[in-house]
Structures are given as structure tokens and as C-alpha cells.
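A short write-up of the structure that comes next.
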Amino acid sequence: MASLGVVPFIFVLLIVECAARPFYPLPSKVEHKTRQPLQTFRPYNIAHRGSNGEIPEETAAAYKKAIEEGADFIETDILSSKDGVLMCFHDVTLDDTTDIAEHKEFANRKRTYDVQDANTTGYFIVDFTLKELKSLRVKQRYPFRDQQYNGRFQIITFEEYISIALDASRVVGIYPEIKNPVFINQHVKWPGSKRFEDKFVEMLKKYGYKGSYMSKDWLRQPAFIQSFAPTSLIYVSNQTDLPKIFLIGDVTVPTQDTNQSYWEITSDAYLDYIKEYVVGIGPWKDTVVPVVNNYSQTPTDLVTRAHAHDLQVHPYTYQNENMFLHYNFSQDPYIEYEYWINKIGVDGLFTDFTGSLHKFQEWNSPLSLDDKDASALLHKIALMLSKYRKK
């Protein structure tokens, strides 16, 4: 009789297998009481869209790879489907990183919308339901990166992303972005006149994310909320005390919701104002250290001034390919990391190559001594302690 119970189990497995899509359960909510805690003694290794230098961005596989490689936080962009489901996806259009063009059933869905004061044409995520989005497959954004995983992974939901962090064998933080909130609120409507930001915070609360920076609750389930839209950060600050990061783009691009210039939002007066709502800023790294003809120039004082206002600095994005590495660094990502961590003094780094940053930090950590060095250190400690022994 016991063997009969196996039949439905096998049937379920067959259904999952035949669906030709990976199955990602929602968070198990099982407490991992023995999990290794988040490291807080060195700058954070933030997996930008997962380990997307190796695997297509914002997929479950990219996030799991980043965790395997040592990420402290897995970062994502949150948008919404037509039916109001929060999704992990960077662009408001599906054209560049999915196989949407191969789906003839969606050929008539191309639209032109105003996105941050620019007419943009494409297949917009807000015009597709969750079911339709799940029928697509993701591809690598850059042609010079590994293409072997194209077509193998789905777009995932905010909940599926959270599940990956919560079910990790060690404490892994999440770093979701409230992406293009003005555009999303224009095109997606939720019951009760709720906003995109409301649904975003509700999801975090649903899975237990709470607490101010470095509090016991936060260390148990670490999270940063990020956005380029200052009004969104101020709005959600009234709903959650989770730490927030104000993202800062190119010097030529004004804020998407308040139309403020780069120079205004990086002024001392504004940093003093925004620190009431955020714990840090996330600037594009080429604005922190200007670049001319692919050579890094003299750093600005943005990091120094941010630190003077008790703000952390998490620049983006660090990439291993030669085209992204300035000549000063001899096209060596480890030299670039050394410069930003030890010379500029940043508090976290958004990287496409989580493994590279982790290896650099492990190799340069005082806690990563080899056996010979460790023995010498222990010998010195023993000699020091011997002076205080009772005779």
C-alpha cells in the first residue's frame, strides 16, 4: 500500500518536468538558525542583477550563482506586469534581454510610450500579464558575454527572488530597486488606489523584512531599498524603516520624478536633507572618478562629503571586460577593486562579477592568512600573553 503514495508524487514530477520551465518554490519560511551571518567588516559585495557577467541577468540561476560565489547582497530591479505582479526585470521594454521577437503571438503588442521625457518604442513589460511574461525566455544582454544560457531561463517574480535569498545556506541580503516608479504608476493600477511603492513595501513586509540598518531584525534578514526617484524613497520611508539608498546617475541626467540636476542632488545641502530618509547613495562610478579618453582622472570629493554626512557610498557598476576597465588599471579588475576600496574608501560595490570581487576581498582580508602567516601571528600573540602570566 505504501507504494501507492509514490504515484501522485511521480505524477507531479512529470508535470513539472514536462512544463519545460524551472520550478522555484516560494520561501520555505524554515528558520536556518545556524546560518553564517552577514559579514559587516568590509565593503559589501553587491551582485548586480545577480552574477550577470556569467549568466543572463535577473534570473534565478544568476542569483544562485552569485550566492555560490560569495555575494553579500543580491541586487534586482522591480517592475510590474500588466496584472500588477511585481517582476524582476531591468528595462521597461522586453526587447533587449528576452526572446519576445520570436513570439509571433505578441507581434501586435509593440507600443510607443513616453519614458522619462523620451519617446520609446518596444514591447513594454506593463502590457503583458504574468502568464505571458512567464512564456518568454531571457538572453544575455551583451554579445561579448557567454551566450550558452540564452533561452534557458524565465523572468522571475519578486517573490521568487526573495525565496532565493531566504533559502540560502547563509544569510544573504536583498537589494531591490523601485524601478521607474513614475512610468509604472502611470500604466499599472492596483485596487484601493494603491501605488507601486505600496505593493513593493507590502511584499517586503510579507516575508519579514524589517528593521533599521544594523538592527537585530535587519541582520537576520538584511535588505537595502534603492531608487533613482527621491520622492519614492521619501514615500516608503513612512512605511518601513529598512535602510534606503539614493541612486545617482550621469551628470547629464536629471532625476526622473523631481527634475533635479546632478549638481543639486550631490550638493552638501541636499545630502544633509536626504540623509533624513536614506543611509547612503549609489552613484555611477564615473561621476565619482571622472574619466577622459578611458583614463580615470582626479577623484571628486563626493565620497568624502557623503561620509561627512554619515552616508554610505555604494557605486555601480564594476565589470571585468577590457572595454569597461580604464587604462589606469592595466585592464585588471583586481587593481580597480584595490583602488576603489583602499584609495576611494567606498562602503559597497555593485559588480557584474561577484566571484572576482569576493576573491579579491578574501585574498586581501587580514582574516585570510595562510597557515604559515597564521602560525607566526599565533606565536607573536603567545609571546605577548606570556609577559602577563603569574610567576
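Gly173: over 22 Å from Leu271 (Cβ atoms) and free of Cβ contacts under 8 Å to residues at least 40 places away in the same chain, yes or no?
On the way: over 22 Å from Leu271 (Cβ atoms): yes; free of Cβ contacts under 8 Å to residues at least 40 places away in the same chain: no.
Here the answer is no, as Gly173 does not meet what is asked.
If Arg220 satisfies all but one of (1) closer than 24 Å to Asp96 by Cα; (2) more than 17 Å from the chain's Cα centre (by Cα), what's the number of the condition it fails?
Answer for Arg220: the failing condition is (1).
Would you point out the residue of the stretch 142-171, among those that are more than 15 Å from the chain's Cα centre (by Cα) and assigned to a strand (DSSP E or B), that is surrounded by the most Cβ atoms within 10 Å (Cβ to Cβ)?
Phe153
Just give me the residues in the stretch 203-222 being in contact with a strand residue (DSSP E or B) (Cβ under 8 Å, 6 or more places away or on another chain), without any contact (Cβ under 8 Å) to a residue 60 or more places away in the chain and in a helix (DSSP H, G or I), in sequence order.
Correct list: Leu204 only.
I need the full set of residues from the stretch 254-271 which are in a helix (DSSP H, G or I) and more than 19 Å from His314 (Cβ to Cβ), in order please. Before you say what the answer is, go through the steps one by one.
Initially, the stretch 254-271 is screened for residues in a helix (DSSP H, G or I), giving 262-265, 268-271.
Scanning the stretch 254-271 gives Trp263, Glu264, Asp268, Ala269.
In the stretch 43-73, what residues are aliphatic (A, V, I, L, M) and within 16 Å of Leu166 (Cβ to Cβ)?
Going through the stretch 43-73, the residues aliphatic (A, V, I, L, M) turn out to be 46-47, 55, 60-62, 66-67, 71.
Matches in the stretch 43-73: Ala47, Ala60, Ala66, Ile67, Ala71.
In the stretch 189-212, what residues are over 14 Å from Ser80 (Cα atoms) and either buried (at least 19 other Cβ atoms within 10 Å of the Cβ) or among the hydroxyl-bearing types (Ser, Thr, Tyr) (or both)?
Hits for the stretch 189-212 are Ser193, Leu204, Tyr207, Tyr209, Gly211, Ser212.
Among residues belonging to the stretch 121-138 that are buried (at least 16 other Cβ atoms within 10 Å of the Cβ) and either among the polar types (S, T, N, Q) or touching a Pro at 6+ places or on another chain (Cβ under 8 Å) (or both), point out the one that is nearest to Asp257 (Cα to Cα).
Residues of the stretch 121-138 that are buried (at least 16 other Cβ atoms within 10 Å of the Cβ), as a first pass: 122-128, 130, 132-138.
Going one step further and asking which of them are either among the polar types (S, T, N, Q) or touching a Pro at 6+ places or on another chain (Cβ under 8 Å) (or both), we end up with 135, 138.
Working: Ser135: 32, Val138: 29 Å.
Filtering the stretch 121-138 for residues that are buried (at least 16 other Cβ atoms within 10 Å of the Cβ) and either among the polar types (S, T, N, Q) or touching a Pro at 6+ places or on another chain (Cβ under 8 Å) (or both), the one nearest to Asp257 (Cα to Cα) comes out as Val138.
Kindly indicate which of Lys380, Lys343, Lys387, Lys391 is basic (Lys, Arg) and modelled with pLDDT of 95 or more.
Working: Lys380 fails: modelled with pLDDT of 95 or more; Lys387 fails: modelled with pLDDT of 95 or more; Lys391 fails: modelled with pLDDT of 95 or more.
Step by step, each of Lys380, Lys343, Lys387, Lys391 is checked, and only Lys343 is basic (Lys, Arg) and modelled with pLDDT of 95 or more.
Examine the stretch 48-55 for a residue that is among the polar types (S, T, N, Q), touching a residue at least 12 places away in the same chain (Cβ under 8 Å), in contact with a strand residue (DSSP E or B) (Cβ under 7 Å, 6 or more places away or on another chain) and on the phi < 0 side of the Ramachandran plot, and state whether such a residue exists.
The first filter runs over the stretch 48-55 and keeps only residues among the polar types (S, T, N, Q), leaving 51-52.
Narrowing further to those that are touching a residue at least 12 places away in the same chain (Cβ under 8 Å): 51-52.
Imposing the further condition that a residue be in contact with a strand residue (DSSP E or B) (Cβ under 7 Å, 6 or more places away or on another chain) reduces the set to none.
Taking every residue of the stretch 48-55 in turn, none turns out to be among the polar types (S, T, N, Q), touching a residue at least 12 places away in the same chain (Cβ under 8 Å), in contact with a strand residue (DSSP E or B) (Cβ under 7 Å, 6 or more places away or on another chain) and on the phi < 0 side of the Ramachandran plot.
Here is a list: Glu102, Glu159. Which entry is within 19 Å of Asp77 (Cβ to Cβ) and of a type in the set (Asp, Glu)?
Working: Glu102 fails: within 19 Å of Asp77 (Cβ to Cβ).
Going through Glu102, Glu159 in turn, the sole match is Glu159.
Give Trp284, Trp340 a once-over and let me know the one that is surrounded by 14 or more Cβ atoms within 10 Å (Cβ to Cβ) and out of contact with any helix residue (DSSP H, G or I) (no Cβ under 8 Å at 6 or more places or on another chain). Outline the logic, then answer.
Working: Trp340 fails: out of contact with any helix residue (DSSP H, G or I) (no Cβ under 8 Å at 6 or more places or on another chain).
The unique qualifying residue is Trp284.
Let's see how each residue does on (1) among the charged types (D, E, K, R); (2) at pLDDT below 95; (3) surrounded by 19 or more Cβ atoms within 10 Å (Cβ to Cβ):
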{"residue": "His309", "(1), (2), (3)": "no, no, no"}
{"residue": "Tyr318", "(1), (2), (3)": "no, no, yes"}
{"residue": "Tyr334", "(1), (2), (3)": "no, no, no"}
{"residue": "Lys359", "(1), (2), (3)": "yes, no, no"}
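The values are calculated or read from the model by the stated rules, or taken from the named source; none is laboratory data. This structure is a prediction, so every number in the text was calculated from the model and none was measured. Don't worry about glycine lacking a Cβ; one is built from the backbone with ideal geometry, like all the others, and counts go over all protein chains shown.
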